[in-house]
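Worksheet: one structure, shown below.
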């Protein structure tokens, strides 16, 4: 086993586990037909999570007329799917605000890329792939798809810039291949290990592993991997990447078998999709306490 | 870039024109978006628009709220902003374009970057203008800035260093 694989395993084992509530929410989302009462109970068992969810819900941005005091009431007002997404974001926010120094990335870049990818993946699943059932899983897995970079960022930090650049050039600008060449492992394989170590649902591990190569994903998770693959691509196009590797991943040609395109794709449908993703992302950023646009 | 320079970041759809000495106007990590830079040497004014999508017809309300978002409304709005700085003729303006990167997509299904470049050129032609320099296309992101003092435009890209446009 390569030196980097050993280091990766050690790093993964040292990562703090997800809270019981956060993990429970990922399982509910992956399960598709979850029970609202179970969701409310799960959030309420985690006082910090429940408190932060209520704080967000009561922010003036939601414009609710009266103060919401319970998670149950929040679910009635905003819907179970919105509350599950919010709870997941809240539960993960500290994990995702890690610095990816090795990618020359800003403190919030992993989080912003995850958030925009989540929103884009959900929209792609609904609008281009006609699968509403998988929409929430697309969102949740989109949010977490790049967690493996927490480890590769450490590896990149140790390498000289020249070394990284030459690996990148030798691999024709494909950053995933460059990571493999440099370390014998890449952020998608590491992401899959993290998902397994956290006991996340299988669909999550599959997306972390195949979000750059959905054609290699097991068939049952392939459409999910396609949605996040494109969600991530659109996110990088909008400038919400993790800097060093932004735009450096090829689009897997398999996506053309999964998405529907109409005659107005180039002039209206695709630009409108990107616009709608951006509007939703800017709103979500505001709700998560950032002003957004200025340095995206 | 010197440390004491005041930095104005232009986000998605943003437009900014300045004559403030020492200021730099910057836009970060352009993917398929375009940084349209205009410099008025006589009036010593410098401006930038961060264009996201080609045509405003897909959402006229958005174009009214954030004209800089689209190439057609954005270039018009940037020109109008320069009028406030005594730039009365478009001939007084020097234009440079950067960005419009393309994802590595063999089928070119998602090539909004190229369409952004074409839409910017078209919007400039409509105003009897053309860019004197372009750094567009490719599959890499760019950070672009312009110095108010000098009107010089610089581009950086991860792994590719820094160059002047």
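The values are calculated or read from the model by the stated rules, or taken from the named source; none is laboratory data. Being a predicted model, the structure only gives us computed values, none of them experimental. So basically every Cβ, Gly included, is an ideal-geometry build from the backbone, and we count neighbours across all protein chains shown.
For every residue, the table says whether it meets (1) at pLDDT below 95; (2) closer than 16 Å to residue B:14 by Cα.
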residue	(1), (2)
B:28	yes, yes
B:40	no, no
B:51	no, yes
B:87	no, no
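Scanning region B:83-95 for residues that are in a loop (DSSP other than H, G, I, E, B) and either within 11 Å of the chain's Cα centre (by Cα) or within 30 Å of residue A:243 (Cα to Cα) (or both) turns up nothing. May I ask you to list the residues in region A:236-251 that are over 11 Å from residue B:29 (Cβ atoms) and either free of Cβ contacts under 8 Å to residues at least 40 places away in the same chain or not in a loop (DSSP other than H, G, I, E, B) (or both)? The one that is over 11 Å from residue B:29 (Cβ atoms) and either free of Cβ contacts under 8 Å to residues at least 40 places away in the same chain or not in a loop (DSSP other than H, G, I, E, B) (or both): A:251.
This table checks each residue for (1) modelled with pLDDT of 95 or more; (2) in contact with a helix residue (DSSP H, G or I) (Cβ under 9 Å, 6 or more places away or on another chain); (3) surrounded by fewer than 20 Cβ atoms within 10 Å (Cβ to Cβ).
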| position | (1), (2), (3) |
| --- | --- |
| A:226 | yes, yes, no |
| A:236 | yes, yes, no |
| A:244 | no, yes, no |
| A:247 | no, yes, no |
| A:255 | yes, yes, no |
| A:260 | no, yes, yes |
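Can we say residue A:173 is surrounded by fewer than 24 Cβ atoms within 10 Å (Cβ to Cβ), within 14 Å of chain B (Cβ to nearest Cβ), on the phi > 0 side of the Ramachandran plot and out of contact with any strand residue (DSSP E or B) (no Cβ under 7 Å at 6 or more places or on another chain)? Answer is yes for this residue. When A:19, A:14 are screened for being in contact (Cβ under 8 Å) with a residue 40 or more places away in the chain and surrounded by fewer than 20 Cβ atoms within 10 Å (Cβ to Cβ), only A:19 passes.
Looking across region B:96-122, the residues that are farther than 18 Å from residue B:12 by Cβ, at pLDDT 95 or above and either more than 14 Å from chain A (Cβ to nearest Cβ) or over 18 Å from the mean Cα position of the chain (by Cα) (or both) come down to B:96, B:121.
I'd like to know if region A:62-74 contains one or more residues that are in a helix (DSSP H, G or I) and under 28 Å from residue A:225 (Cα atoms). The answer is no, given that none of the residues of region A:62-74 is in a helix (DSSP H, G or I) and under 28 Å from residue A:225 (Cα atoms). Taken over region A:91-130, the criterion of being outside any helix (DSSP H, G or I) and modelled with pLDDT under 95 is satisfied by A:97, A:98, A:99, A:100, A:104, A:105, A:106, A:107, A:108. The set of residues from region A:226-242 being within 7 Å of another protein chain (Cβ to nearest Cβ) and within 13 Å of the chain's Cα centre (by Cα) comprises A:233, A:236, A:241. I'd like to check something: does region B:45-64 contain any residue that is surrounded by fewer than 19 Cβ atoms within 10 Å (Cβ to Cβ), part of a strand (DSSP E or B), on the phi < 0 side of the Ramachandran plot and more than 14 Å from chain A (Cβ to nearest Cβ)? Taking every residue of region B:45-64 in turn, none turns out to be surrounded by fewer than 19 Cβ atoms within 10 Å (Cβ to Cβ), part of a strand (DSSP E or B), on the phi < 0 side of the Ramachandran plot and more than 14 Å from chain A (Cβ to nearest Cβ). Scanning region A:262-279 for residues that are more than 7 Å from every other protein chain (Cβ to nearest Cβ) and either buried (at least 21 other Cβ atoms within 10 Å of the Cβ) or in contact (Cβ under 8 Å) with a residue 24 or more places away in the chain (or both) returns A:273, A:276, A:277. Residues being in a loop (DSSP other than H, G, I, E, B), in contact with a helix residue (DSSP H, G or I) (Cβ under 7 Å, 6 or more places away or on another chain) and surrounded by fewer than 22 Cβ atoms within 10 Å (Cβ to Cβ): count how many of those fall in region B:15-42. Result for region B:15-42: 1. Can you tell me which residue in region A:208-224 is surrounded by the most Cβ atoms within 10 Å (Cβ to Cβ), limited to those that are more than 14 Å from chain B (Cβ to nearest Cβ) and under 18 Å from residue A:179 (Cβ atoms)? Per the criteria, the residue is A:211.
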